[in-house]
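Here the structure comes first, spelled out in structure tokens, and everything after it is commentary.
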Amino acid sequence: MKKITLLSVLLLILSCSAPATKNTLKFTKQEYIGEWPFSVNEIEVYCSGYKEIYGRTNDGKIYALNGSAKGASHNDPSISKVGEIWLDDPKWAGLKISYGDFITQGLTICENK
């Protein structure tokens, strides 16, 4: 009986400590339909916490994309400012190209967690 209880406890611990699969969406400049908003050619979007949308680039940098992510990471030096890679809109002086599609798609990951 002790072996069964010990085995059950061990299985419970292992199942709770197994890393969760992180769902991501990968976008590339070549495949993206519309105006590409970033100075990098590829970005991987994922959801963390409560609807926090982040983007990870090939060089390993992570960028907070939406307000929830920016608020949650404002004191985290490992999270870079999206302005570093966010392109100006060539049609409108002083404006940036929207990356709202990336946030919208990232939110679908949050809903499916």
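No value in this document is a laboratory result; all are computed from the given coordinates. The model shown is predicted, which means the values in this text are computed figures rather than measured ones. FYI the Cβ positions are ideal-geometry reconstructions off the backbone, even for glycines, and counts take in every protein chain you see.
About the centre of its Cα atoms, segment 22-111 shows a dipole size close to 140 debye [charges on the beta carbon of Lys, Arg (+1) and Asp, Glu (-1) only; nearest 20 debye].
If you average 1/r over all unlike Cα pairs in segment 50-113 and invert the result, what Kirkwood radius do you get in angstrom? Working shown, then result.
Numbers: mean 1/r = 0.0789 Å⁻¹.
Result for segment 50-113 stands at 12.7 Å.
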